[in-house]
1. Multiplying the sequence separation of Val342 and Ile144 by 0.36 nm and subtracting their Cα-Cα distance, what value in nm do you get?
2. Stretch Tyr21-Lys99 to full length: gain in nm at 0.36 nm per residue minus the Cα-Cα span?
3. Under the rule of at least 5 residues apart or a separate chain, name every residue whose amide H is placed under 5 Å from the amide H of Val100.
4. With 10 angstrom as the radius, rank Phe274, Phe219, Phe340 by how many other C-beta atoms surround their C-beta, starting from the fewest.
5. Fully extended, how many nm does the chain gain between Val127 and Thr317 (0.36 nm per residue separation, minus their Cα-Cα distance)?
6. For the residues Arg146, Arg35, what sequence is obtained by ranking on other C-beta atoms within 10 Å, fewest first?
7. Going by C-beta contacts inside 10 Å, put Asp295, Asp103, Asp55 in order with the fewest on the left.
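Computed from the coordinates by the stated procedures, all read-outs in this text should not be read as laboratory data. Since this is a predicted model, take the numbers as computed values, not measurements. Here the Cβ positions follow ideal geometry from the backbone for every residue, glycine too, while neighbour counts run over all protein chains shown.
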Amino acid sequence: MEASGITAIFVFISGATLLIYSAEKLIVYLVGAARGLSLSLFLLAIIFTGIEFDDLVLGVALNLEGLSNVALGTVFGTSIAMSGIVLALAAILTPTAVKVPRDYLVIFAAAPLLMIVFVLTAPLTFVDGVLLVALFAVFIGYVIVRETRRDVPMFRNAGIYEEITEREAGGRVTVREAERPLPMDMSVTKQGRLPGWTQLGLAVVALAGLVIGAATMSFGTEGILGAYEIDGTLFGVTVVTLVLSIEDIFLTVEPVRKGVPLLGVGNVIGSVVFSVTGKLGIILLAGGSIMVGPDVLRWHLPALIVLTGMSAYFLYTGRLRRWHGYTLLVFYVVYWVASFTVFGGVPLDD
């Protein structure tokens, strides 16, 4: 068992490494493709990163392999970590002013509340999956319409990259330019001079790396659970979630550090909404029903609602402050410790 456990850990770490590396490369190539082809960066972000293929493939693979408790654990875990780890670190490392439209903040805070209806009518079924995917489609449609009607879209097209490059090179940027909202889920980084279509193709390759890395992690997860007899939901909510969060930490903290906070904040909002709607819906459609235990309603869902609501309020104030970050981080640590010591993992799967 010891040898098999070591092998499973190696497989898990290998998948996680490939996932993180591919995530970094995906962002680089998407930015280059958007600029080179004069495409909407937000549209590319929705297709390649807003849907979070790595989280999605991992969740589907886990459910198909009979680890539905781990799959559901990652839905809650990644959503909670977006506020408790990702946004918290951004606020702690680089306190900054942020301007997010109120309707986006309302959607952000309300998204976890939708889970109450689905949890109360558990088990989660194919019909629930259809409804959840439809809700995510409505969200995407709303954002697209909203952005096309705004005088200054929150998520700009490829023309913004001249400003990004100027920021990166230390050039002059006026106060008015510095306050412009920037695109969602894009890392601030210099791009190569490859043609746009080439970079789009490389983005597809990087996306494949995300999928392979996530699938490899799922195989490692099954081996670790079997070798060390760790509760499935607990492992999904904690260890797997932390690995999946590294990508989002990179996509949120780095833009904030470089002076474009809305780019990272958009990643947080989009990821949470996707996780509790589209991601869970597709997991159900692909892998079948999921039983939900009582501790989800008593602990995990309330924690998600409170932490997301706190994050929405902090963003509403117009400035991320260090005490905001410490508050979110402390709340997350309390949640993490209580999940281990008080609840010991949630029996989500009968």
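1. Numbers: separation 198, 0.36 × 198 = 71.28 nm, distance 4.29 nm.
Here the segment from Val342 to Ile144 would lengthen by 67.0 nm.
2. Working: separation 78, 0.36 × 78 = 28.08 nm, distance 3.04 nm.
Answer, rounded to one decimal: 25.0 nm.
3. Amide H neighbours of Val100, under 5 Å, 5+ apart: none.
4. The most exposed by this proxy come first: Phe340, Phe219, Phe274.
5. Details: separation 190, 0.36 × 190 = 68.40 nm, distance 3.81 nm.
64.6 nm is the gain from fully extending Val127 to Thr317.
6. Values: Arg146 15, Arg35 21.
Ascending number of Cβ neighbours within 10 Å: Arg146, Arg35.
7. Numbers: Asp295 18, Asp103 11, Asp55 26.
Taking fewest neighbouring Cβ atoms as first place, the list is Asp103, Asp295, Asp55.
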